[in-house]
Amino acid sequence: MKDTPSPATSQLPPADAPPAAAAGGPAARRPREKRARRTVLLADRIADRVITVGGILVIVAVLGILVFLVTETLPLFRSGQMTGERRYTLPEPAGQTLGLGLDEYKTLAYALSADGRLQVFHARSGRLLTSGRLDLGSAPVTAQAHTIDRTQWAFGFADGTVRFADARFETTILSPQDLPTGLTPLGDGDATDGHAVFSAIPGDQYRQVTFRMELEAPVAVGDAQRAIAAMAYTASGQAERSVRTLATVDGDDRVALIQTASRTNLMTGERRTTVNRIQLPPLPAPIEVFGVRLTAKADTLLVADRSGAVFRYNLTDLQHPVLAESARVMPPRARLTAFDFLLGSRSLLVAGSNGALALYFLLERNDFRTVDGQSLVQARTFTAGGTAVHFFAPSLRDKSFATIDGTGRLEVRHGTSRKQLADFPTGLPLEGFRELVLAPRVDGVMALQADGRVVFYEFDVPHPETTFATLFQKVWYEGYAEPGYTWQSSAATDDYEAKLSLVPLIFGSFKAAFYSMLFAVPIAILGAVYTSEFVHRRLRGVIKPTMEMMASLPSVVLGFVAALVLAPVVETWIAAVLLAFVGLPLALMLGAYLWQLLPLHLANRLKGIPKFALMLLSVLLAAWATRALGPFFEELFFHGDFRAWLNGDVGGAAPFLFLLLLPLCALAVSILQQRFLAGLRQRPAGGLEALPRALGELGLWLLRAALTFLLAAGLAHLLAALGADARGGLVGTYVQRNTLVVGFAMGFAVIPIIYTIAEDALNAVPEHLRAASLGCGATLWQTALYVVLPTAASGVFSAVMIGMGRAVGETMIVVMAAGNTPILDWNIFNGLRALSATIAVELPEAVKDGTLYRVLFLAGLVLFAMTFVINTVAEIVRQRFRRRATQL
Amino acid sequence: MPDTPQVSPDPPDTVYHPMTGAEGSIIEIERFNLWYGDKQALFDNSIDIQMGLVTALIGPSGCGKSTLLRSLNRMNDLIDGLRLGGAIRLDGADIYHRDIDVIGLRKRMGMVFQKPNPFPMSIADNVTYPIKVDGVRDRRVLQETVERALKAAALWEEVKDRLRDSALGLSGGQQQRLCIARAIAADPDVLLMDEPCSALDPLATAKIEDLIDELRGRYTIVIVTHNMQQAARVSDNTAFMYLGRIVEYGKTKTVFTTPRSRRTEDYVTGRFG
């Protein structure tokens, strides 16, 4: 391409220069001028440039897409970045701190001391806005508890009473004209009127954030003599009809569950509270209580001892609460230093004085020896810095949590991915810390010291839950019995955790491709052999374009036909469909042998259209026969109910193994016969003995078929006796939208492309090889099998690979017919979820730049890589084929 | 198969003076006519091919000699719109009879083509191909066949150490001798050669000609050639064809020295062709 502007062009003299001038001496013979016309050269040069630019643009476009996909997915693997660090000291020392809170936008924070002092301050500047005092009464506070979002608090007192408090940030959006005048600027675009903080937000609006804390009257929940030592608190229901559950441990280690139900009369505004106290079974030994935690549904209560023993109450049946389990979460001599639930209260995080930091799940399994069959199981550990972790603040959004360790280092980690999101050495002594809070959006963390010093870090972690491991390796999600590959991007609850393993999707793509190739490859290649080797050229001229037209059928049409028509039909006639896999080939082969019985002159006369029609007829007959025999076959093989058989309810393993072994045994028998009984086949010689020979071959074939059946049956029973069973592996539970249906539909979609390329490859085999083979006395079939197919093998292989690339990337058929269940299961009667289908289905729901959004882009990148590798292999093989073909 | 068309009433004006073999004729071509669609390619061809002799078909390009050769083992069958008249008999049986088994017929007639066309397999596999398609799997028989056929084709000494190598690695002349070995591996009665030396250099040509000489007597050989010296050197009988007709069929020496037909004389003396 580059050389196209030929040397002649550059040496071309200007058009107006006299030709003779170049010739030199006067005596010289006039040199002949032959040159290309200027317009031709110009057109040539323009074409060269346009083609070059076009080609480069195509490459740039493909690379651009690749770069775009990579840049969209890279943030998934990034860890956090600090965006701000603030340190200030509150005017009044915090002393014994009861609570610390931060609003969603990191504008307002509050600190509550044990003496009731409440300081509300601007989070970024530390400027005090309001300072008040809650009247906590005369008895000292001995315990506090709050819901995970820190909006509902409960304080326990030495006199055995409890006071509930409601702490809320209120956010209103204001337009500029509603903005009060005379605001004091706070920096960072914030301003205050001394009470609320006003922040400018995009769209020329202002956000007003205020804080309000209301304390309710004391409720007596236990003996007045016994101080409440520890508490756990969950609340549910709406404001006017709330149910609060409180678990208390008093000084005598007595554990009680207190339910208070409040009802506000809408007419009178009167509020009635009923208190229901349930005494729980006593603890087995006196303990030094470290903490009490109640799950959000209040069905499990955990009481932790400082020594690392955890006592678990099962509160599912409130009439009969049981102490279900006493577990140790710490090695001997280590002491518990932190203990809390993560969001969703299904994962328990514990930390010990030995520096251990571990996550426990409450699991239910058959092999647990506890009263209720559940047990606390250590799911994963974190590498702490060697020093004990003392403070612990869970996130409101995901499984992240913040900790402070012995050196005063503040870390934020994700509980599932174990990714370290932030790591801030505060340089402050551990003993001084009183409270730690993680910003609701997991973008800031604030710690308070006893002397009023506050450290507040802001950071940015776009995707805390994804690492390479969560995307491609086994992950143990909470509530699951064991680590696994799980894809579940959304759920009905707020505290769910998105499970984004790409492995089931990659598996699904390959499963769909595998089964559709299993269906498509034999048909497409045999079809290609048939049209290229056996059919009259004129018929081929009709068949090939027809097959190519099949490729133009939109896959969405194939998908919905598969899902709405084929799937119910296959479900109804599943036994007949299975029988057809055996019946159709048998019928065709029987037909071929019967054809041999025809006298040669008849066979010669009928070999065109009538033969083709007879083949079709035998296929139709076989289809009819399998349909008619279907129920009988189901009765014989599967106890009359295939789906019950699949579930393992009825029947034995042998019948299905027999079906599976049939093709293998047929192959084995034919190889054995060729090896050892070749003499049985007479050398075909003359014309007159055609009939006896055909009869002999038919008999031999019948013998072989019988032998195959016997061998398969024998092997199947042997394997079944040895305990082999296809159920649970290759076959299993039947669902209507299953891989068999996908195999049919997608097979139909890829047959044309495999057929076309394979047919071209077979046709490219030089005619002289066919002539040589036929001249040797080989039949057409022998020629095709021994000469044409091996010569075109790499072309046929690349056809299969290109078909496979298409099957892996195919979308609409798998969206509609595959059931979209992201499971790792080879069962052909179960569904699957492919990468492409996932992208198509979930991208509309994914928030732009969210984790799911980027993971879907990653899925696209993986899909791109897969089809790229498959197509490249196909192309390399084809290049080799082309080089070899030139030798012929 | 089309019905036998009416043979043209003109008696063929062919001049006959062939050499007769000791065992008589093996192939009898009798008033054989052939049409490609509407175009007639062969007119009333009638010759007897003598068993064990080498028969050469010569004539200018397009005269129908290859067509006639390919009619002998029905390699023309696949061509569209082919119609035939007259008869070709192998050992007295009409090879175009409706009861004839074409595959069996071809097994009796080995064929060597213009361009060497070994299969893209090993040398040994090329040679054993014709007997493998017959169902022979006995390794001993296969080995014996390889050796016998390659020795008969005078290739054994050159390739005996690399029988497992690809046949495509051989030189053109070697490839053509391999094709001859393949053609005789199944022990046919007749060996058909369609300009076997046209793609070879003179040295390779000489070797093939020597080989044909050696095979004389063991096989009946029909060879098409456009090289008259070659025909003169290797054949016993020569048929000169012109425009689809056999002009003269007779002893090679006579055809080349004292042809009895004017046209033959013109051709062999190089006045046209």
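The values are calculated or read from the model by the stated rules, or taken from the named source; none is laboratory data. These figures come from a predicted structure and were not determined experimentally. Positions of Cβ are generated from backbone atoms using ideal geometry, with glycine treated the same way; all protein chains shown enter the neighbour counts.
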Scanning the stretch A:246-264 for residues that are closer than 15 Å to A:PRO321 by Cα and among the hydrophobic types (A, V, I, L, M, F, W, C) gives A:LEU246, A:ALA247, A:VAL255, A:ALA256, A:LEU257, A:ILE258
Would you confirm, using the coordinates I've provided, whether B:PRO188 is within 13 Å of chain A (Cβ to nearest Cβ), part of a loop (DSSP other than H, G, I, E, B) and buried (at least 23 other Cβ atoms within 10 Å of the Cβ)? no
Filtering the stretch A:535-572 down to residues that are closer than 28 Å to A:ARG627 by Cβ and either of a type in the set (Val, Ile, Thr) or touching a strand residue (DSSP E or B) at 6+ places or on another chain (Cβ under 6 Å) (or both) yields A:ILE543, A:THR546, A:VAL557, A:VAL561, A:VAL565, A:VAL569, A:VAL570, A:THR572
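Name the residues in the stretch B:218-268 that are of a type in the set (Val, Ile, Thr), more than 15 Å from B:ASN45 (Cβ to Cβ) and either in contact with a His (Cβ under 9 Å, 6 or more places away or on another chain) or not in a loop (DSSP other than H, G, I, E, B) (or both), would you? Give the derivation first.
In the first step, residues of the stretch B:218-268 are kept if they are of a type in the set (Val, Ile, Thr); the result is B:220-225, B:234, B:238, B:246-247, B:252, B:254-255, B:257-258, B:264, B:268.
Adding the requirement that they be more than 15 Å from B:ASN45 (Cβ to Cβ) leaves B:220-221, B:223, B:225, B:234, B:252, B:254-255, B:257-258, B:264, B:268.
Across the stretch B:218-268, the qualifying residues are B:THR220, B:ILE221, B:ILE223, B:VAL234, B:THR252, B:THR254, B:VAL255, B:THR257, B:THR264, B:VAL268.
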Residue count, the stretch A:84-123, condition farther than 19 Å from A:VAL197 by Cβ and of a type outside the set (A, V, I, L, M), comes to 13
Taking the stretch A:586-611 and keeping residues surrounded by fewer than 16 Cβ atoms within 10 Å (Cβ to Cβ) and outside any helix (DSSP H, G or I) leaves A:PRO599, A:LEU606, A:LYS607, A:GLY608
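Yes/no per residue for (1) buried (at least 21 other Cβ atoms within 10 Å of the Cβ); (2) more than 9 Å from chain B (Cβ to nearest Cβ); (3) among the polar types (S, T, N, Q):
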site	(1), (2), (3)
A:GLY732	no, yes, no
A:PHE748	yes, yes, no
A:TYR755	yes, yes, no
A:ALA772	yes, no, no
A:GLY777	yes, no, no
A:LEU785	no, yes, no
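Residues that are polar (S, T, N, Q) and surrounded by fewer than 18 Cβ atoms within 10 Å (Cβ to Cβ): list the strands (runs of 3 or more DSSP E) wholly contained in the stretch A:312-404 that include at least 1 such residues. I'd like the intermediate steps shown before the answer.
Numbers: elements: A:322-328, A:336-341, A:347-352, A:357-364, A:374-382, A:389-394.
Once the strands (runs of 3 or more DSSP E) in the stretch A:312-404 are filtered for at least 1 residues that are polar (S, T, N, Q) and surrounded by fewer than 18 Cβ atoms within 10 Å (Cβ to Cβ), what remains is A:322-328, A:374-382.
Give the stretch A:718-731 a look and list any residue that's of a type outside the set (Gly, Ala, Ser) and either within 10 Å of A:ALA653 (Cα to Cα) or outside any helix (DSSP H, G or I) (or both), or say none. Explain how you work it out, then say what you get.
Of all residues in the stretch A:718-731, those of a type outside the set (Gly, Ala, Ser) come to A:718-719, A:722, A:725, A:727, A:730-731.
The answer is A:LEU719, A:LEU722, A:ASP725, A:ARG727, A:LEU730, A:VAL731.
From the residues in the stretch B:143-174 that are over 20 Å from A:LEU785 (Cα atoms) and within 14 Å of another protein chain (Cβ to nearest Cβ), which one is surrounded by the most Cβ atoms within 10 Å (Cβ to Cβ)? Talk me through it step by step, then tell me what you get.
If we filter the stretch B:143-174 for residues that are over 20 Å from A:LEU785 (Cα atoms), which is where we start, we get B:143-165, B:169-174.
After this cut, where a residue has to be within 14 Å of another protein chain (Cβ to nearest Cβ) as well, the list is B:145, B:149, B:165, B:169-172.
Numbers: B:THR145: 23, B:ALA149: 25, B:ASP165: 13, B:GLY169: 14, B:LEU170: 21, B:SER171: 14, B:GLY172: 13.
Per the criteria, the residue is B:ALA149.
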By residue number, the members of the stretch A:446-504 that are of a type in the set (D, E, K, R), out of contact with any helix residue (DSSP H, G or I) (no Cβ under 7 Å at 6 or more places or on another chain) and in contact (Cβ under 8 Å) with a residue 60 or more places away in the chain are A:ARG453, A:GLU458, A:ASP460, A:GLU478, A:ASP495, A:GLU497
Being within 14 Å of chain B (Cβ to nearest Cβ) and touching a helix residue (DSSP H, G or I) at 6+ places or on another chain (Cβ under 8 Å), is that true of even one residue in the stretch A:840-852? no
Only one of (1) facing another protein chain (nearest Cβ under 7 Å); (2) aliphatic (A, V, I, L, M); (3) in contact with a helix residue (DSSP H, G or I) (Cβ under 6 Å, 6 or more places away or on another chain) does not apply to B:ILE100, and that is (3)
In the set A:LEU606, A:LEU558, A:LEU584, A:LEU620, the lone residue that is more than 14 Å from chain B (Cβ to nearest Cβ) and free of Cβ contacts under 8 Å to residues at least 40 places away in the same chain is A:LEU620
Checked the stretch B:118-141 for anything over 15 Å from A:LEU785 (Cα atoms), more than 7 Å from chain A (Cβ to nearest Cβ) and of a type in the set (A, V, I, L, M, F, W, C); matches are B:ILE123, B:ALA124, B:VAL127, B:ILE131, B:VAL141
Quick check: anything in the stretch B:207-224 farther than 18 Å from B:ASN117 by Cβ and of a type in the set (S, T, N, Q)? yes
Among (1) surrounded by fewer than 21 Cβ atoms within 10 Å (Cβ to Cβ); (2) within 30 Å of B:ASN33 (Cα to Cα); (3) in contact with a Ser or Thr (Cβ under 9 Å, 6 or more places away or on another chain), B:GLY85 falls short only on (1)
Considering the stretch B:80-97, residues that are closer than 20 Å to A:ALA603 by Cβ and aliphatic (A, V, I, L, M), and then whichever is nearest to the other protein chains (Cβ to nearest Cβ), we arrive at B:ALA93
Residue pairs within 6 Å by beta carbon, gap of at least six or interchain, first lying in the stretch A:678-704 and more than 10 Å from chain B (Cβ to nearest Cβ), second modelled with pLDDT of 70 or more, listed first then second, are A:ALA694/A:GLN596; A:ALA694/A:LEU597; A:LEU698/A:TYR593; A:TRP701/A:TYR593; A:ARG704/A:VAL669
Here, helices (runs of 4 or more DSSP H) confined to the stretch A:732-832 with at least 1 residues that are touching a residue at least 24 places away in the same chain (Cβ under 8 Å) and under 22 Å from A:VAL877 (Cβ atoms) are A:739-763, A:767-775, A:793-809
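Taking A:LEU505 as the residue in question, decide whether it is part of a helix (DSSP H, G or I), closer than 14 Å to A:THR416 by Cα and within 14 Å of the chain's Cα centre (by Cα).
Numbers: part of a helix (DSSP H, G or I): yes; closer than 14 Å to A:THR416 by Cα: no; within 14 Å of the chain's Cα centre (by Cα): yes.
When the stated conditions are applied, A:LEU505 does not pass them.
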Exercise for review: Please work out if A:GLU845 is within 30 Å of A:THR756 (Cβ to Cβ) and under 18 Å from the mean Cα position of the chain (by Cα).
Suggested key: no
Over the stretch B:220-241, the set of residues surrounded by fewer than 21 Cβ atoms within 10 Å (Cβ to Cβ) and at pLDDT 90 or above is B:ALA232, B:ARG233, B:ASP236
In the set A:ALA874, A:ALA859, A:ALA865, the lone residue that is modelled with pLDDT under 90 and small (Gly, Ala, Ser) is A:ALA874
Residue pairs qualifying under the 7 Å Cβ cut-off, at least six apart or on distinct chains, with the first in the stretch B:95-107 being without any contact (Cβ under 8 Å) to a residue 12 or more places away in the chain and the second being assigned to a helix (DSSP H, G or I), are B:ASP99/A:LEU600; B:ASP99/A:HIS601; B:ASP101/A:LEU600; B:ASP101/A:ALA690
When every residue in the stretch A:128-174 that is in contact with a strand residue (DSSP E or B) (Cβ under 8 Å, 6 or more places away or on another chain) and among the charged types (D, E, K, R) is compared, the one farthest from A:PRO440 (Cα to Cα) is A:ASP135
All conditions in (1) surrounded by 13 or more Cβ atoms within 10 Å (Cβ to Cβ); (2) more than 18 Å from A:ARG833 (Cα to Cα); (3) small (Gly, Ala, Ser); (4) at pLDDT below 90 are true of A:GLY541 except (1)
